[in-house]
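The values are calculated or read from the model by the stated rules, or taken from the named source; none is laboratory data. Values in this document were obtained by computation on a predicted structure and should not be read as measured data. All Cβ positions, glycine included, derive from the backbone under ideal geometry; neighbour counts span all protein chains shown.
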Amino acid sequence: MATATGLVFPPAPFIRRVRMAHFNLFSSSFCTERNVQRRADLRCCAVVGGGVDDHIVGATSSSKPRIPRVVGMGSRLVGSGSAVPKYMISNDDLAQIIETSDEWISVRTGIRNRRVLSGDETLNGLALEAANGALQMAGVVPHDVDLIIMCTSTPDDLFGGGGQIQSDLGCRNAWAFDITAACSGFVVGLITATRFIKGGGYKNILVIGADALSRYVDWKDRGTCILFGDAAGAVLVQASGADEDGLLGFDLHSDGHGHRHLNATTKDSETDTILNTNGAAVFPPRKATYSCIQMNGKEVFRFAVRCVPQSIEFALEEAGLTFASIDWLLLHQANQRIIDAVATRLQIPSKKIISNLANYGNTSAASIPLALDEAVRAGKVKTGDMIAVSGFGAGLTWGSAIVRWG
């Protein structure tokens with residue numbers, strides 16, 4: 001999510017990683033001492049200043065009886081869908097309001113166009129369209145969906161959009177919740193879905209990535225307004241036999257020390273102080289709003305090109321695979337220079353890269369499922385193809401998964 005270059009990253013302390021045994025949800029043991037030491041040597045941390053432990057994404061059971069409940073199942077990605085707003089803003093359009101040009105933007109980011117919500121369009125509307133596309137491709141009817149995971153940092157409602165999606169889709173047997181993990185959201189949601197299937201006996205789970213970052217962009221800030229667009233994408237994750245498991249390995253991290261490099265924090269809408277003349281707090285509290293997106297592009301770039309390749313390597317190791325086994329590299333669509341730099345470090349040829357960044361810009365949690373859906377519908381990604389997926393962004397958070405399509 002950056003426009004600046006620079007592949008050098010300062011030394012960073014090791015994040016102690018607590019991981020469960022491969023495909024053993026109920027394992028209480030940590031990874032072996034040998035693996036801890038080996039990974040300590042790799043030192044994958046976002047920023048100087050230390051990190052936090054990354055936790056296992058746990059599974060849970062539904063509050064409603066589900067019969068039969070088979071624990072230990074595998075999971076497959078069997079359907080995808082996507083949706084984008086109608087209104088397109090080109091680089092030439094941006095050049096009318098800020099000092100920039102199509103060449104300046106495309107050379108630094110790879111982006112030429114982006115879509116933004118307009119008129120009566122809503123983020124939930126995009127999410128609903130994407131979810132319907134995934135259901136139709138999978139051949140699953142709404143009442144067979146058990147869970148909806150809405151991955152977004154920009155919901156139409158402060159309290160989330162998953163429940164409304166559940167209602168609008170007519171998934172009367174499903175429950176829903178939202179995940180907020182910015183540009184890593186879809187990867188987190190996908191891994192979470194597989195844990196509910198493996199440990200909770202769920203059969204059909206919709207994972208939706210949707211964001212409308214255009215709502216939080218300062219359109220006079222050339223460093224950020226050129227990057228972001230709005231979209232939604234979805235996949236249907238379905239239970240399968242353990243021998244057909246489509247999630248072969250994964251890796252997740254977060255480091256709040258990097259929050260200062262990419263954020264959109266709350267602020268008081270009033271310009272004066274919240275304290276009155278005698279120092280007492282004002283009551284009732286003044287209304288708050290979110291600031292526009294603030295980003296240190298150079299630091300985010302350095303973080304991504306350092307940590308994403310290592311995360312993919314960890315996920316591949318857990319899967320017991322090599323880079324030669326990967327058919328496609330699908331990264332969060334933040335910046336073409338980041339995508340190319342990661343591919344170069346992993347020695348993955350350009351013909352194996354999935355990228356639609358030029359058409360949509362950075363769509364946050366929607367970027368991976370949007371690009372995946374387009375690749376599947378174009379016949380590029382085929383049943384059985386192995387995909388290395390990685391998301392990264394605000395938090396700072398980052399994570400990877402090795403998945404088999406279909």
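A few points about this structure:
- Of the listed requirements (1) modelled with pLDDT under 95; (2) surrounded by fewer than 19 Cβ atoms within 10 Å (Cβ to Cβ), Met88 misses just one: (1).
- Matching option when the condition is more than 18 Å from the chain's Cα centre (by Cα) and closer than 30 Å to Lys220 by Cβ, among Ala341, Ala378: Ala341
- Unmet requirement for Asn356, which otherwise passes all of (1) surrounded by fewer than 24 Cβ atoms within 10 Å (Cβ to Cβ); (2) in contact with a strand residue (DSSP E or B) (Cβ under 9 Å, 6 or more places away or on another chain): (2)
- Residue count for the stretch 343-363 satisfying the condition of being touching a residue at least 12 places away in the same chain (Cβ under 8 Å), out of contact with any Gly (no Cβ under 7 Å at 6 or more places or on another chain) and among the hydroxyl-bearing types (Ser, Thr, Tyr): 1.
- Failed item in (1) within 23 Å of Ser75 (Cα to Cα); (2) in a strand (DSSP E or B), with Thr194 passing the rest: (2)
- Of all residues in the stretch 373-389, those being of a type outside the set (Gly, Ala, Ser), touching a Leu at 6+ places or on another chain (Cβ under 6 Å) and crowded, with 24+ Cβ neighbours inside 10 Å number 1.
Matching residues to (1) surrounded by fewer than 16 Cβ atoms within 10 Å (Cβ to Cβ); (2) under 25 Å from Tyr360 (Cα atoms); (3) hydroxyl-bearing (Ser, Thr, Tyr):
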site: Val107; (1), (2), (3): yes, yes, no
site: Ile111; (1), (2), (3): no, yes, no
site: Arg114; (1), (2), (3): no, yes, no
site: Glu121; (1), (2), (3): no, yes, no
site: Ala127; (1), (2), (3): no, yes, no
site: Asp157; (1), (2), (3): yes, yes, no
site: Gly163; (1), (2), (3): no, no, no
site: Ser167; (1), (2), (3): yes, no, yes
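- Condition check for Thr152: among the polar types (S, T, N, Q) and within 13 Å of the chain's Cα centre (by Cα): yes
- Per the conditions (1) under 25 Å from Ser311 (Cβ atoms); (2) modelled with pLDDT under 95; (3) of a type outside the set (Lys, Arg), the sole criterion not satisfied by Leu158 is (1).
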